[in-house]
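J.: One structure follows; several queries about it will come next.
The values are calculated or read from the model by the stated rules, or taken from the named source; none is laboratory data. This is a predicted model, so every value here is computed, not measured. For neighbour counting, all protein chains shown are included, and Cβ atoms are generated from backbone atoms with ideal geometry for every residue, glycine included.
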Amino acid sequence: MSGCPFLGRKLFTSKPSQAEEEDESQKGINKATKGGIVYGEYLQLDKVLNAQVLQSQQKGDKIHDEHLFIVTHQAYELWFKQILWELDSVRDLFIKKHVRDERNMLKVVSRIHRITMIFKLLVEQFAVLETMTALDFFDFREYLSPASGFQSLQFRLLEAKIGVADHLRVPYNRRHYRDNFHGQESETLLSSEQEPTLLQLVEKWLERTPGLENDGFNFWGKLQANIEEGLKMEKHKLEKMEDSEVKEDLLAELNKQTEIFTALFDPKRHEHLLSKGELRLSYKALQGALMINFYREEPRFQVPFQLLTALMEIDTLMTKWRYNHVCMVHRMIGSKAGTGGSSGYHYLRSTVSDRYKVFVDLFNLTKFLVPRSWVPKLNPTHLAFQTDELCKNRYVSERRGIEEKQ
Amino acid sequence: MSGCPFLGRKHQLFTSKPSQAEEEDESQKGINKATKGGIVYGEYLQLDKVLNAQVLQSQQKGDKIHDEHLFIVTHQAYELWFKQILWELDSVRDLFIKKHVRDERNMLKVVSRIHRITMIFKLLVEQFAVLETMTALDFFDFREYLSPASGFQSLQFRLLEAKIGVADHLRVPYNRRHYRDNFHGQESETLLSSEQEPTLLQLVEKWLERTPGLENDGFNFWGKLQANIEEGLKMEKHKLEKMEDSEVKEDLLAELNKQTEIFTALFDPKRHEHLLSKGELRLSYKALQGALMINFYREEPRFQVPFQLLTALMEIDTLMTKWRYNHVCMVHRMIGSKAGTGGSSGYHYLRSTVSDRYKVFVDLFNLTKFLVPRSWVPKLNPSIHKFP
């Protein structure tokens, strides 16, 4: 051997140097050895990780990709459970009237926002299942029948509790979705359709928007007056113009606008569309929503405005989820019928529709946008943070730091 | 009431009765097969198990904290996907172990599954954003009830590391010292096996050593490459020396010297052995040659999918280290510099694992040191790119 300093230390020569051993970051003990609940027990992994049984394997024809199919769906169901957890807690805050203490609004908005973050992940998740080819899916699909996502209880609970309207479901959906659930599951589904939905709770909350009171700020009366005045001025201005095609176009546009606003201030028309199912929010709730939009920068309305945005985000993400699902199914089974008995791709495609958009009225508020100057001016006392008797005691007598727990 | 056509249907609650067109819509045809017997969705996915595994410790202890549910579900989702990654990883290792990869038709399966693993890891990196909707304040409210449970006790995570090829002697001290203590009985056996069975790294190493074209008595890629590089460097040197003396010339000559040193080292087998024994290199000399060959000839049909495999393997390393770093960032926000529930130093410990020590296919990343102009790459003769 030469005198080369490198030779002679062949195995595991990266012994920790002194510096490494004294490194603060490497200090510590292993508390797990001292008793108490450990990771696997805490997460009940004995249950979660022993729930993957391949039907293809049961039937003597084990297909590798079926495992991915199972795990993907189980992950979706875990997240559905989480969404329901958040959704029920928010509904509860409304039902128990805790939202009348506006300090709870942060919690409401954070949880609704959390639901949207979960949905974003669920939309991304399709890309993982899409690594399966239609050919590989074909190899085990026969063993699944008649299991189908159409039988997912949590998905139906989700729809119902947010506020999807039964009479607006597409026919196949409306006709068959309840048949999948019996006994306890059927009870649970029925309850979810009878308890207040997020839509109904938000509707009532919107109706209570401060500033709507006819004998108070009277937002609606003032708005109507301002809009009528504004449209009249616009019309005079246009009529003074020299006759031309441009003038005709502008006048036609103004007429259209005038019709839209005439309809807006027609309560009977609103009731009619509501009964037809073309509108989902009550007239007063719509006024509240418009008010929150127009005055969103007032401190008292900032978080409520974030809530309305987050609610629309839920609708948007759910429909994106439905569409991503449709695209994947089309690639996997083309135009074949679904394992559950539906027409498959075509049925699913029909559910990518505004029928399933719960807060659709919030999206359509954009029809009624007006120039800032037409919005009734507030005076400083109108939207001060609440100091009414309901909450005065809370603010004054409760010590800061006592957070309201579930 | 006026003669308005709209009024008068108020009593009709569900006036959006399906029209004739709607009822005859093909897309709405079908039956509900679930009513006819056979396995249904909930049974197929054993949801009675999966959805009844969420027990809040805070609730058990009479102080139910809302956000603990998110904490539990997030970790359970991670573990489900770890199981899926292990399923794919084991199937690939199996193809190598059973020598099935010698039938090159199986390479598509290998690459697809390794790529699938990277897609899952991408999702797992995105998943942090969901848990990050929890505030440090809300975490503080239930953290005390968790101790000493810790991700450090995740068996599947260790199996993953071991089976890919993380080297035991390269783990940071706290990791190396304690990670086995968490597992007893069956779990301990499983972990031990995973460290003794061929790792993905070892299997890929053997596969690389078999790269067609390396044979000394055949194409002799390495011998030819060395000759070409020596020739190429010599020509470069002559060209530079002919230049007029200047600072630019000095810089270029210095650069050339550096390059020459790198290549001299590349063609020194003893030096490679030495670095291998120190743990600074992970692939054998012959495997390195195979990797370089696949890179240089990646457009040859026979090497296209092998090249995709090498890329996907590096992607696994990259995503795992991104996962570690995302985890670190979140933990820092949640607990600052506090110790972990499992007993480690917490953030500081985790930070130390964001390191090339844990990069299994690090040698593939470092191949870029040896890139040469295309003209220096030995010309192939047709027999190499013929499929068998």
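J.: When the range A:258-317 is examined, which residues are found to be within 15 Å of A:Phe219 (Cα to Cα) and either in contact with a Ser or Thr (Cβ under 7 Å, 6 or more places away or on another chain) or acidic (Asp, Glu) (or both)?
T.: Passing the criteria: A:Gly288, A:Met291, A:Ile292, A:Glu298.
J.: List the number of the failed condition for A:Gln58; all other conditions in (1) free of Cβ contacts under 8 Å to residues at least 24 places away in the same chain; (2) more than 7 Å from chain B (Cβ to nearest Cβ) hold.
T.: Going through (1) free of Cβ contacts under 8 Å to residues at least 24 places away in the same chain; (2) more than 7 Å from chain B (Cβ to nearest Cβ) one by one, A:Gln58 breaks only (1).
J.: Here's a follow-up. Considering A:Arg322, A:Arg331, which residue is under 22 Å from A:Lys120 (Cα atoms) and over 25 Å from the mean Cα position of the chain (by Cα)?
T.: A:Arg331
J.: Of the residues A:Glu142, A:Glu130, which single one is surrounded by 15 or more Cβ atoms within 10 Å (Cβ to Cβ), of a type outside the set (Gly, Ala, Ser) and out of contact with any Cys (no Cβ under 6 Å at 6 or more places or on another chain)?
T.: Among A:Glu142, A:Glu130, only A:Glu130 is surrounded by 15 or more Cβ atoms within 10 Å (Cβ to Cβ), of a type outside the set (Gly, Ala, Ser) and out of contact with any Cys (no Cβ under 6 Å at 6 or more places or on another chain).
J.: While we're looking at this one, here's another question. Taking the stated definitions as given, is B:Ala287 crowded, with 19+ Cβ neighbours inside 10 Å, small (Gly, Ala, Ser) and either outside the structural domain of B:Leu371 (by the TED database) or within 14 Å of B:Leu364 (Cα to Cα) (or both)?
T.: Judged against the criteria, B:Ala287 is a match.
J.: Restricting attention to the range A:344-378, report how many residues are free of Cβ contacts under 8 Å to residues at least 40 places away in the same chain and either closer than 18 Å to A:Trp321 by Cα or crowded, with 18+ Cβ neighbours inside 10 Å (or both).
T.: Qualifying residue count, the range A:344-378: 7.
J.: State the number of residues belonging to the range B:71-93 that are within 18 Å of the chain's Cα centre (by Cα) and free of Cβ contacts under 8 Å to residues at least 40 places away in the same chain.
T.: 5
J.: OK, next. Quick one: which residue in A:Leu290, A:Leu311, A:Leu279 is over 20 Å from the mean Cα position of the chain (by Cα) and in contact (Cβ under 8 Å) with a residue 24 or more places away in the chain?
T.: A:Leu290
Yes or no, residue by residue, for (1) surrounded by fewer than 17 Cβ atoms within 10 Å (Cβ to Cβ); (2) aromatic (Phe, Trp, Tyr); (3) in contact with a helix residue (DSSP H, G or I) (Cβ under 7 Å, 6 or more places away or on another chain):
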{"residue": "B:Ala53", "(1), (2), (3)": "no, no, yes"}
{"residue": "B:Gln60", "(1), (2), (3)": "yes, no, no"}
{"residue": "B:Ile65", "(1), (2), (3)": "no, no, yes"}
{"residue": "B:Leu70", "(1), (2), (3)": "no, no, yes"}
{"residue": "B:Phe82", "(1), (2), (3)": "no, yes, yes"}
{"residue": "B:Lys99", "(1), (2), (3)": "yes, no, no"}
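J.: Would you mind finding the one in B:Glu300, B:Glu273 that is within 17 Å of B:Leu214 (Cα to Cα) and of a type outside the set (A, V, I, L, M)?
T.: B:Glu300
J.: For the range A:158-166, does any single residue satisfy the condition of being touching a Ser or Thr at 6+ places or on another chain (Cβ under 6 Å), buried (at least 17 other Cβ atoms within 10 Å of the Cβ) and touching a residue at least 40 places away in the same chain (Cβ under 8 Å)?
T.: Within the range A:158-166, one or more residues are touching a Ser or Thr at 6+ places or on another chain (Cβ under 6 Å), buried (at least 17 other Cβ atoms within 10 Å of the Cβ) and touching a residue at least 40 places away in the same chain (Cβ under 8 Å).
J.: Can you pull out every residue in the range B:94-148 that is among the polar types (S, T, N, Q) and within 11 Å of chain A (Cβ to nearest Cβ)?
T.: Within the range B:94-148, B:Ser112, B:Thr118, B:Gln127, B:Thr133, B:Thr135, B:Ser147 meet the criteria.
J.: Oh, and also: I'd like to know if the range B:376-387 contains one or more residues that are within 21 Å of B:Glu79 (Cα to Cα) and in a helix (DSSP H, G or I).
T.: no
J.: Can you tell me which residue is surrounded by the fewest Cβ atoms within 10 Å (Cβ to Cβ) among those in the range A:211-244 that are touching a helix residue (DSSP H, G or I) at 6+ places or on another chain (Cβ under 7 Å) and either among the acidic types (Asp, Glu) or assigned to a loop (DSSP other than H, G, I, E, B) (or both)?
T.: Filtering first and then ranking leaves A:Asn214.
J.: In the range B:355-373, which residue that is in a loop (DSSP other than H, G, I, E, B) and either modelled with pLDDT under 95 or touching a strand residue (DSSP E or B) at 6+ places or on another chain (Cβ under 9 Å) (or both) is nearest to the other protein chains (Cβ to nearest Cβ)?
T.: Residue satisfying both the conditions and the ranking: B:Ser355.
J.: Here is a check on your reading of the model: is A:Lys81 at the interface with another protein chain (Cβ under 7 Å from one of its Cβ atoms), part of a helix (DSSP H, G or I) and not β-branched (Val, Ile, Thr)?
T.: Judged against the criteria, A:Lys81 is a match.
J.: While we're here: Within the range B:60-69, can one find any residue that is assigned to a helix (DSSP H, G or I), assigned by the TED database to the domain that holds B:Thr190 and within 21 Å of A:Trp79 (Cβ to Cβ)?
T.: Yes, some residue in the range B:60-69 is assigned to a helix (DSSP H, G or I), assigned by the TED database to the domain that holds B:Thr190 and within 21 Å of A:Trp79 (Cβ to Cβ).
J.: Next question, about the same structure. In this structure, does B:Ser91 turn out to be within 8 Å of another protein chain (Cβ to nearest Cβ) and surrounded by 16 or more Cβ atoms within 10 Å (Cβ to Cβ)?
T.: Considered against the rule, which asks whether it is within 8 Å of another protein chain (Cβ to nearest Cβ) and surrounded by 16 or more Cβ atoms within 10 Å (Cβ to Cβ), B:Ser91 comes out as no.
J.: Spot the failing condition for B:Glu299; the list is (1) farther than 18 Å from A:Ser25 by Cα; (2) assigned to a helix (DSSP H, G or I), and only one is missed.
T.: (2)
J.: Determine whether the range A:180-195 contains at least one residue that is of a type in the set (Asp, Glu), more than 9 Å from chain B (Cβ to nearest Cβ) and in contact (Cβ under 8 Å) with a residue 12 or more places away in the chain.
T.: Yes, there is a match, as at least one residue in the range A:180-195 is of a type in the set (Asp, Glu), more than 9 Å from chain B (Cβ to nearest Cβ) and in contact (Cβ under 8 Å) with a residue 12 or more places away in the chain.
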